[in-house]
Amino acid sequence: MSSLKTKFAAKAVPVAAEVKTLFKEYGSTVIGQVTIESVIDGMKGLPSLLTLTSKLDPQEGIRFRGYSIPELQEKLPKLGPDDEPLPEGLFYLMLLDELPTLADVMEIGKEWKDRAAIPDYVYKVIDAMPMDSAPMADLSAGILALATESKFLQAYNSGIGKKDYWDSTYEDVMTLIAQLPVIAAYIYRKHYFKGNVIPADPKLDWSANLAHMMGYDSPEIYKLFRMYLTIHADHEGGNVSAHAVHLVASALSNPYYSYAAGMLGLAGPLHGYANQEVVAWILDILKEMGTENPTKQQIHDFCEKTIGAGRVIPGYGHAVLRKTDPRFEAQCEFASKYCKGDNFIQVVNDLYEIVPPILGSLGKVKNPWPNVDAYSGSLLRHYGINEAPYYTVLFAVSRALGVLASLLWDRALGLQIERPSSFTLEWFQEKAGIKK
Ligand code: HAX
């Protein structure tokens, strides 16, 4: 057994006992109130999920096992003093609730390299997808093809008992995370480089290898990928992608099915697709104004036009956050260090000044501040990755770390099938006292 697996097994037993006590002895404790508004407004803020890996505070932003993004940048192991943390370390932290050493992180990196082989038929499935299929559809198809390899599925079919579910889930989670950069890079090269595939470099870490297999090699872009894959990893349990993974997995679907389902939620414009929409929308501004350097007034007018057309400004707003997303700030800091003089990034920075007052003036937008997706595409463009329809795939690779760490915990805690109740309109109207 790998030391990560041994440590997880040791950690999971007492935590599972705590959850059991909570359920058995304190199950009737009231923790919230369900209102008609909660239901119609998409259950926002309703305390209804148990997620250990991270918690989103509306005023402060995300904390992974209690650590903010700036704290992680300081405390997680890096390959050099001026580098970004390795996402392998964040995975360790989310799984074990302990900060890893560099040796712990290197061990995970090695385990992922050892598990990264992809069966040939998976590539054939991806190749069979038409060239105009969205890269996220290719990703989903590739992941579903991989599901035939699921150790959980095999173990379940062989009749293992509930208490052992976590063991084969661990195997799937680690293998899937290991395989994702290879599949993601394959999809990128298929769509944009005539299928001219670049093999992995065994000397590189998980993030740098993804950049390398996509065709981008420089110390700076490796740093960008380490940061990108760290900050997108998790956003507690209620966001669409994490919740969908948890929901589908609660039916004991294997990790491949569950992850693919969640990523199809990530592919929606109100979620991770926003990272590509932001870039497409800024390109529309530049095209309409006929310049690479629009004035603030021109940007302002375009924003008003977007709102006037009944559309949302992509990259702005959030269902839970009520301030500038710390993931936006981390990317902004990266850009100010490494991407000086970039016109496109200047537009992103100008938007940060222009959009919040416009959204604020509408009087209905709960959060006029930028989210993670407002910045990420412009950084990728800076390094020549201009293919916006692909961007959500990179988000999905990162999001695997959080949602699959959570799925493993779901199995270790023996969480039950999720099955809330739905009611008819008449039932709600009766409750509201409108109808008898
Ligand atoms: N531009 C214009 N209007 C906006 C807006 C924006 N960026 N954000 C919210 N609004 C509008 C809503 O559409 C809603 O209008 P109606 O009442 O007319 O329907 C109103 O303001 C109230 O919405 P809210 O309560 O503030 O926001 P929600 O919790 O309903 O939605 C969203 C949160 C993120 C979906 C929303 O802010 C939005 O559509 N943003 C743009 C898309 C985007 O950037 N998505 C990525 C979010 C982060 C993420 O998950 N990344 O993966």
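Rule-based calculations on the coordinates, nothing more; no lab input. Since this is a predicted model, take the numbers as computed values, not measurements. Counting neighbours? That spans all protein chains shown, and the Cβs are built from the backbone with ideal geometry, glycine included.
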#### Entry: Cα convex hull of the chain, projected area averaged across orientations, nm²
23.2
## Note on the structure
Least to most buried among 183, 126, by other C-beta atoms within 10 Å and fewest first, runs 126, 183
### Task
Go ahead and set up a Gaussian network model of the chain, Cα springs under 10 Å, then flag whichever of 31, 358, 345 fluctuates most.
31
### Selected from 295, 403, 181, residue furthest toward positive end of dipole (the chain; charges at beta carbon)
403
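Apply the a/c threshold of 1.5 to the C-alpha gyration tensor of region 260-389 and tell me whether it is rounded, prolate or oblate.
Rounded, since a/c falls under 1.5.
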### Query
For residue 54, which sequence-distant residues (separation of 5 or more, or a different chain) have an amide H within less than 5 Å of its own amide H, given hydrogens modelled in the peptide plane?
65, 236
### Query
If we count other beta carbons within 10 Å of each Cβ, what is the order of 232, 191, fewest first?
191, 232
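What shape does region 128-219 have by the C-alpha gyration tensor, where a ≥ b ≥ c are the square roots of the eigenvalues, rounded means a/c under 1.5, and otherwise prolate means a/b greater than b/c and oblate the rest?
Verdict is oblate for region 128-219.
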### Task
Using θ = phi - 60° and the Karplus relation 6.51 cos²θ - 1.76 cosθ + 1.60, list the HN-Hα couplings for region 205-222 in order, rounded to whole Hz, with x at every Gly or Pro.
6, 3, 6, 4, 5, 4, 4, 4, 5, 6, x, 10, 9, 6, x, 5, 6, 4
### Task
Could you size up the charge dipole of region 33-97 around its Cα centre, putting +1 on the beta carbon of Lys and Arg and -1 on that of Asp and Glu, and report it in debye to the nearest 20?
220
### Task
Work out how much length residue 148 to residue 280 would gain on full extension: take 0.36 nm times their residue separation and subtract the Cα-Cα distance, in nm to one decimal.
43.9 nm
### Query
For the chain, what is the calculated [θ] at 222 nm in deg cm²/dmol (nearest 500), taking -39500 (n - 2.57) for each run of four or more DSSP H residues and dividing by its residue count?
-19000 deg cm²/dmol
## Note on the structure
For region 241-253, in residue order, the Karplus 3J(HN,Hα) values (coefficients 6.51, -1.76, 1.60; θ = phi - 60°; whole Hz; Gly and Pro = x) are 5, 5, 5, 5, 4, 4, 4, 5, 5, 5, 8, 6, 4
### Task
Report the normalised scattering of region 37-110 as log10 I(q)/I(0) at q = 0.12, 0.14, 0.20, 0.23 Å⁻¹, calculated by the Debye formula with identical scatterers on the alpha carbons.
-0.42, -0.53, -0.84, -1.01
#### Entry: Hz values of 3J(HN,Hα) by residue in region 315-330 - Karplus curve (6.51, -1.76, 1.60), Gly and Pro given as x
x, 10, x, 7, 6, 10, 4, 10, 7, 4, 5, x, 6, 5, 4, 4
### Task
Report relative contact order for region 194-234 in percent, whole number only (criteria: Cα-Cα under 8 Å, sequence separation at least 6).
34
### Message
Let's see if you can work this out: charge +1 on each Lys and Arg Cβ, -1 on each Asp and Glu Cβ, no other charges. What is the dipole magnitude of the chain about its Cα centre, in debye to the nearest 20?
### Response
820
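Percent relative contact order of region 256-383, based on C-alpha pairs within less than 8 angstrom and at least six residues apart?
Worked out over region 256-383, it gives 35 percent.
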### Summary
Length-normalised contact order of the chain, Cα under 8 Å, at least 6 apart, in percent, tallies to 21
### Task
Return the FRET efficiency for the residue pair residue 5, residue 436: r is the Cβ-Cβ distance, R0 is 41 Å, and the value is rounded to the nearest 0.05.
0.10
## Note on the structure
Expressed to two decimals, region 315-436 has a Cα Rg over Rh, using the Kirkwood radius, of 1.14
### Message
Please rank 83, 104, fewest neighbouring Cβ atoms within 10 Å first, as an exposure proxy.
### Response
83, 104
### Query
region 197-262: which trypsin sites (Lys or Arg not before Pro) are DSSP loop and have at most 16 other beta-carbon atoms within 10 angstrom?
203
